[in-house]
Amino acid sequence: QVQLVESGGGLVQAGGSLRLSCAASGRIFTINRMGWYRQAPGKQRELVAAITRDSTTNYAGSVKGRFTISRDNARGTVYLQMNKLKPEDTAVYYCNAEAYRVYDAIYWGQGTQVTVSS
């Protein structure tokens, strides 16, 4: 009932920037929290940043001060501005959306590759 499509990934040099976008469609009114997770080879998927509908944010310690999450509630779109990228940021980044509890649903995008070269 909600579909997530990521875009904006790619190859960038260390110190560079990328902006990821995630467009939600369907019953976007049911979504409260949206965020970005990432998974590097051999690693578990981890939360990078998340934002609720009221703009409360949460960041992984490793990206604080470098990444900024934002969203357009009306459009159902969430963004991740990534600055000062490091090689250790290399991963597949997945968009995530969590519905309000009454709807009891979690959604995932297909992922977009971010590769940061040294």
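The values are calculated or read from the model by the stated rules, or taken from the named source; none is laboratory data. None of the values given here were measured: they were computed from a predicted structure. Glycine gets a Cβ as well: all are built from the backbone with ideal geometry, and neighbour counts include every protein chain shown. Areas reflect the complete protein model, heavy atoms only, side chains present, ligands, DNA and RNA absent. Shrake-Rupley method; radii C 1.70, N 1.55, O 1.52, S 1.80 Å.
In region 3-21, is there at least one residue being part of a loop (DSSP other than H, G, I, E, B) and not small (Gly, Ala, Ser)? Within region 3-21, not a single residue is part of a loop (DSSP other than H, G, I, E, B) and not small (Gly, Ala, Ser).
Would region 71-87 turn up any residue that is polar (S, T, N, Q), within 13 Å of the chain's Cα centre (by Cα), surrounded by fewer than 14 Cβ atoms within 10 Å (Cβ to Cβ) and under 22 Å from GLY10 (Cβ atoms)? Within region 71-87, not a single residue is polar (S, T, N, Q), within 13 Å of the chain's Cα centre (by Cα), surrounded by fewer than 14 Cβ atoms within 10 Å (Cβ to Cβ) and under 22 Å from GLY10 (Cβ atoms).
Check whether at least one residue in region 47-67 is surrounded by 15 or more Cβ atoms within 10 Å (Cβ to Cβ) and either closer than 14 Å to GLY10 by Cα or in contact with a helix residue (DSSP H, G or I) (Cβ under 6 Å, 6 or more places away or on another chain) (or both), and report yes or no. No, region 47-67 contains no residue that is surrounded by 15 or more Cβ atoms within 10 Å (Cβ to Cβ) and either closer than 14 Å to GLY10 by Cα or in contact with a helix residue (DSSP H, G or I) (Cβ under 6 Å, 6 or more places away or on another chain) (or both).
Summed over region 88-118, the residues that are in a strand (DSSP E or B), within 13 Å of the chain's Cα centre (by Cα) and closer than 24 Å to PRO41 by Cα give a count of 12.
In region 7-31, which residues are touching a Phe, Trp or Tyr at 6+ places or on another chain (Cβ under 7 Å) and in contact (Cβ under 8 Å) with a residue 60 or more places away in the chain?
GLY9, ARG19, LEU20, THR30
Which residues, taken from region 1-18, are hydrophobic (A, V, I, L, M, F, W, C) and out of contact with any Leu (no Cβ under 8 Å at 6 or more places or on another chain)?
VAL2, LEU4, VAL5, LEU11
Here is the figure for region 26-46: residues that are open to solvent by 50 Å² or more (accessible area, probe 1.4 Å), touching a strand residue (DSSP E or B) at 6+ places or on another chain (Cβ under 9 Å) and closer than 21 Å to VAL92 by Cβ total 6.
Is it true that SER117 is open to solvent by 20 Å² or more (accessible area, probe 1.4 Å), among the small types (Gly, Ala, Ser) and more than 15 Å from ARG19 (Cα to Cα)?
yes
Return yes or no: is ARG45 more than 18 Å from GLY111 (Cα to Cα) and in contact (Cβ under 8 Å) with a residue 12 or more places away in the chain? No.
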